1. If you stretched the chain out fully between Ala38 and Glu95, how much longer would it get, using 0.36 nm times the residue separation minus the C-alpha to C-alpha distance?
2. Pick from Gly74, Gly49, Gly35: which is most flexible by mean-square fluctuation in a GNM of the chain where alpha carbon atoms under 10 Å apart are linked?
3. Taking the mean number of other Cβ atoms within 10 Å as a proxy for protection, how do you rank 67-73, 6-12, 18-24 from highest to lowest?
4. Would you calculate the volume per residue, in Å³, of the smallest convex hull containing every Cα atom of region 3-92?
5. Summing -39500 (n - 2.57) over the DSSP H runs of n ≥ 4 in the chain and dividing by its residue number, what mean residue ellipticity at 222 nm do you reach, to the nearest 500 deg cm²/dmol?
6. Quote the charge dipole size of the chain about the Cα centre in Debye, to the nearest 20; the model charges only the Cβ of Lys and Arg (+1) and of Asp and Glu (-1).
Amino acid sequence: MTIRVILDIPASPATREAVLACLKEALPTTRAYAGCEALELLVNQDDLGNVVVYEQWTSRAHYDAYRAFRAESGFSAAFRALFAEPPIVRVLDTEHVYP
């Protein structure tokens, strides 16, 4: 079952550009990873320090394999070092689609 993931990143004004640069470099690998169906990098219009990554995955198993890949590569720890608070990760199932 397709899942959606929202990664809500609290970037400070001091780290925002570094966070965006890191994501712009890393996200092409994410998009190419098996099971990644869609990927968007978003910035909140009302809070420029709020960076969001929207992901769509074929299944939770695909997403979990990707997360393990990022953890094993050391990327996750290095990325988290860019901000004081950890990002919020929401893994979502579709309850209903309205035409």
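Bear in mind these aren't lab numbers, they're just calculated from the coordinates by the rules spelled out. Nothing here was measured: the structure is a model prediction, and the numbers come from that model. In this analysis, Cβ positions are derived from the backbone assuming ideal geometry, glycine residues included, and neighbour counts consider all displayed protein chains.
1. Length difference between fully extended and current span is 18.6 nm.
2. With Cα springs under 10 Å in the chain, the top fluctuation among Gly74, Gly49, Gly35 is at Gly74.
3. Peptide ranking by packing, descending: 6-12, 18-24, 67-73.
4. In region 3-92, the Cα hull volume divided by residue count equals 86 Å³.
5. Result for the chain, helices only: -11500 deg cm²/dmol.
6. It works out to roughly 240 debye.
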